Amino acid sequence: EVPVRFEKTEIRLSDPALSDIPLIYMTGHEDFKLDAKETQSLRGYLERGGLLVAEACCGRQGFGVAFKREIRKVLPRDTLQKIPAGDMMFAFPNLLQKVEVTPALAAANSGGSTIEPELQGIQKQGNYVVLFSPYGLSGGWEMSQCPYSFGYQNADALRVGENILMHALTH
């Protein structure tokens, strides 16, 4: 029952207004590169306690590889770590032990239609500053997950998103 105002704001990582934004959401399909100014700006944002949530849209490996490479430049002393199943990220407000996946991800997972949810993160002083999903979430958030994507089905994508947002609001 948290009141939500939906508003989309696109902002460049080099924009000085970045520091006014509590959560950055980043997604894509393909390779990308951050320039030096974007890298420095994002590093400062994260070191001041901002939160970057990223997903490989449709589970695309090109974006996932690029994101991991670029986040190493942004935070060279930190490494994305798989968030363990017992972490509060998977417990509040939704207990997430298994999530239903798209047919394509199920086929890649030897036909299993459910898997443990997977998020990777970087923590600073006990709080996540980076959260990364190697699987598609946004298709489910839009209630139109593509069966050919590697992602979570609509209801479970929403539940993962709710947990991410609750974490952002409470930490």
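No value in this document is a laboratory result; all are computed from the given coordinates. Please read these numbers as outputs of a predicted model, since none were measured by experiment. All Cβ positions, glycine included, derive from the backbone under ideal geometry; neighbour counts span all protein chains shown.
A Cβ-based charge dipole, computed about the Cα centre of segment 79-146 with Lys and Arg at +1 and Asp and Glu at -1, lands at about 160 debye.
Return one number: the angle in degrees, 0 to 90 and rounded to the nearest 10, between the long axis of the Cα atoms of helix 36-47 and the longest principal axis of the Cα atoms of the chain. Taking Cα atoms only, the helix is inclined about 80 degrees. The relative contact order of the chain, computed from alpha carbon pairs under 8 Å that lie at least 6 residues apart in sequence, is 23 percent. Seen against the Cα atoms of the chain and their longest principal axis, helix 154-170 is set at about 30 degrees.
Within segment 40-171, the ratio Rg/Rh, alpha carbon atoms throughout and Rh by Kirkwood, equals 0.97. Checking every one of the GluC sites (Glu not before Pro) in segment 106-171 against DSSP loop status and a limit of 11 other Cβ atoms within 10 Å picks out Glu142. Among the trypsin sites (Lys or Arg not before Pro) within segment 1-87, those in coil by DSSP and having at most 14 neighbouring Cβ atoms inside 10 Å are Arg5, Lys8, Arg12, Lys33, Arg48, Arg77. Measuring between alpha carbons in the structure, the pairs from Lys8/Lys98; Lys37/Lys98; Lys73/Lys98; Lys8/Lys68 lying more than 28 angstrom apart are Lys8/Lys98; Lys37/Lys98; Lys73/Lys98. If you run the Gaussian network model on the chain, springs between alpha carbon atoms under 10 Å, then out of Leu95, Leu23, Leu137 the most flexible one is Leu95. Would you please state the base-10 log of I(q)/I(0) at q = 0.22, 0.23 1/Å for segment 7-99, with intensities from the Debye formula using one equal scatterer on every alpha carbon? For segment 7-99, the Cα-only Debye profile gives -1.28, -1.32.
Charges were assigned to the Cβ only: +1 to each Lys and Arg, -1 to each Asp and Glu. The resulting dipole of the chain about its Cα centre is roughly 520 debye. Sparse packing (at most 16 other Cβ atoms within 10 Å of the Cβ) combined with a DSSP loop state is found for the following chymotrypsin sites (Phe, Trp or Tyr not before Pro) in segment 128-171: Tyr148.
Derived scalar couplings between HN and Hα for segment 21-31 equal 9, x, 9, 10, 10, 10, 8, x, 10, 10, 4 Hz in order, rounded to whole Hz, by the Karplus curve 6.51 cos²θ - 1.76 cosθ + 1.60 (θ = phi - 60°), x for Gly and Pro. Note on Lys33: aspartates and glutamates with a C-alpha under 15 Å away, same-chain residues under 8 apart excluded, are Glu70. Scalar couplings 3J(HN,Hα) for segment 89-97, obtained by applying the Karplus form with A = 6.51, B = -1.76, C = 1.60 to θ = phi - 60°, are 4, 9, 10, 9, x, 10, 6, 10, 9 Hz; x denotes Gly and Pro.
The magnitude of the dipole of segment 1-99, with charges of +1 and -1 set on the Cβ of Lys/Arg and Asp/Glu and taken from the Cα centre, is near 360 debye. Round to the nearest 10 and give me the degree value, 0 to 90, for the angle of helix 61-74's Cα axis relative to the longest principal axis of the chain. Between helix and principal axis, roughly 30 degrees. Short-range pairs are left out: with C-alpha atoms under 8 Å and at least six residues apart, the relative contact order of segment 103-154 is 32 percent.
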